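Only one structure is covered here, and it is reproduced in the block below.
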Amino acid sequence: MAQGILVLAEQRNGAFRKVAFDAVSEGRRLADSMNTDLTAVVLGSGIENIAGALRKYGADSILAADDSALADYNTDAYTNVSANIIESKDPALIILGASIHGKDLAARLAARLDAGLVMECINIKQDGDKLVFTRPMYGGKILADIEIEGTPKIAAIRPNVMTIEESEKAVTVDKVDVRVGEVKTSVVEKLIEEGDKIELTEADIIISGGHGTSGDFTAIEDLASALGGAVGASRFAVDEGWRPHSDQVGQTGKIVSPSLYIACGISGAIQHVAGMSTSKNIVAINKDSEAPIFSESDIGIVGDLVEVVPAITEEVKKLSKNL
Ligand code: FAD
């Protein structure tokens with residue numbers, strides 16, 4: 001009978017994504033409440049020595065699938081190798097991050113394993129002998145509680161929503177035999193290297209700008225740098241070529257859940273709100289007191305962002321100096 005929880009912990013270029021720690025922590029919490037074991041699995045090339053970092057978050061066992069064919073994320077290779085490990089471990093629940101790669105892998109695994117999948121899951125709770133998965137639907141207008149029939153069940157969790165908790169366990173890292181299988185695709189060229197830029201979906205603070213910036217993001221970048229946050233954008237700003245598509249927040253951009261989201265000169269169209277409504281604290285700065293973004297925000301500032309944003313940056317700088 002399927003049992004236990006298996007987490008696929010995502011890494012890129014030899015460093016774990018924050019969502020890997022979200023997933024292992026959530027796996028630990030559920031494993032405790034279900035009285036079962038937690039296995040953390042990492043796929044990649046040259047990753048055997050980083051895999052041990054997962055001990056800190058309470059995995060009962062850690063498996064490393066280390067092979068040069070897994071150096072870059074590849075749908076076929078990652079699906080084949082993950083599916084082999086899952087079939088041999090036969091877990092009742094699989095958790096992974098709903099990152100760009102995680103969503104791709106989750107969907108492929110669901111099809112391969114004939115398993116039910118909850119994408120963008122923001123909560124998992126045990127209700128008697130059932131698991132209830134919560135996810136936003138209709139652009140965040142409702143939260144749906146979902147049950148999955150059969151096993152394994154797959155939850156792709158939204159980054160930054162689950163709490164990271166440390167509960168160190170002294171476990172060894174076991175290397176697994178990698179069978180890469182048939183691979184029909186390969187990475188030919190990487191056009192964009194993100195470098196040191198904070199990944200939007202993992203940022204704790206995001207300052208976003210829209211049409212109201214008229215294309216000048218200097219004040220927004222200054223505030224982001226003062227707060228140690230990332231810069232986001234509405235689709236209007238991206239369509240105008242003011243920001244790259246990788247900065248777009250919303251239905252056709254990224255879905256983010258930072259601790260603090262500051263929307264500057266953004267009206268709050270439903271497609272934008274769909275990407276940021278699960279942020280923990282939302283501040284809106286807009287000239288129009290009737291702008292819909294104010295009904296989504298915890299703090300609303302009616303004013304011209306050209307004056308308000310630099311004033312906030314100055315205050316942040318003063319406070320940081322006094323710390
Ligand atoms: P506007 O709606 O034009 O709002 C600009 C705001 O700035 C206004 O509220 C104005 O009062 C305020 N403002 C102007 N000047 C100042 C100033 N100096 N100081 C302060 N405030 C000022 N949009 C997304 O963002 N992300 C998506 O992923 C996305 N996906 C979409 C998918 C589909 C299928 C469709 C149809 C649309 C999508 N959109 C998306 C577009 C969305 O509907 C809106 O058009 C877009 O979000 C508007 O961007 P904005 O808020 O920057 O601009």
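Observations, loosely collected:
- With respect to the chain, whose longest principal axis is taken over its alpha-carbon atoms, helix 218-227 is tilted by about 50°.
- Length added when fully stretched, Lys197-Leu323, from 0.36 nm per residue minus Cα-Cα: 42.8 nm
- Accessible area of Phe21 (1.4 Å probe, protein heavy atoms only, ligands and nucleic acids ignored): about 40 Å².
- Just the protein heavy atoms count here, and of the accessible area of the chain at 1.4 Å, carbon and sulfur take up 48 percent.
- Taking 0.36 nm per residue of separation and subtracting the Cα-Cα distance, full extension of the segment from His211 to Ala71 would add 46.5 nm.
- Calculated over region 169-323, the projected area of the Cα convex hull averaged across directions stands at 14.0 nm².
- Accessible surface calculations at 1.4 Å, restricted to protein heavy atoms, place the chain at 48 Å² per residue.
- Solvent-accessible ranking of Asp247, Asp174, Asp66, largest area first, probe 1.4 Å: Asp174, Asp66, Asp247
- 13 Å cut-off, amide nitrogen to a point 7 angstrom out along Glu221 Cα→Cβ, residues in region 236-253: 242-244
- Selection from Ala219, His101, Val81 lying farthest towards where the dipole of the chain points positive, charges on Cβ: Val81
- Working value for region 5-175: equivalent-ellipsoid semi-axes of 23, 18, 15 Å, each the square root of 5 times a Cα gyration tensor eigenvalue, largest first.
- Once all protein chains are placed together, His211 keeps about 100 Å² accessible to a 1.4 angstrom probe.
- Whole-percent pair-distance distribution, where bins are 20 Å wide, for the alpha carbons of the chain: 31, 53, 16, 0
- Counting lysine pairs in region 200-322 that sit 8 or more residues apart in sequence, or on different chains, and whose Cα atoms lie under 28 Å apart gives 7.
- Label point of Val187 set 7 angstrom out along Cα-Cβ; within region 61-85, amide nitrogens under 17 Å from it belong to 65-82.
- Its Cα gyration tensor gives region 143-206 an equivalent ellipsoid; the semi-axes, largest first and in whole Å, are 26, 25, 20.
- Based on DSSP H segments of at least four residues, each scored -39500 (n - 2.57), the chain has a per-residue ellipticity at 222 nm of -8000 deg cm²/dmol.
The values are calculated or read from the model by the stated rules, or taken from the named source; none is laboratory data. Since this is a predicted model, take the numbers as computed values, not measurements. Virtual Cβ from ideal backbone geometry, glycine too; neighbours counted across all protein chains shown. Areas reflect the complete protein model, heavy atoms only, side chains present, ligands, DNA and RNA absent. Shrake-Rupley method; radii C 1.70, N 1.55, O 1.52, S 1.80 Å.
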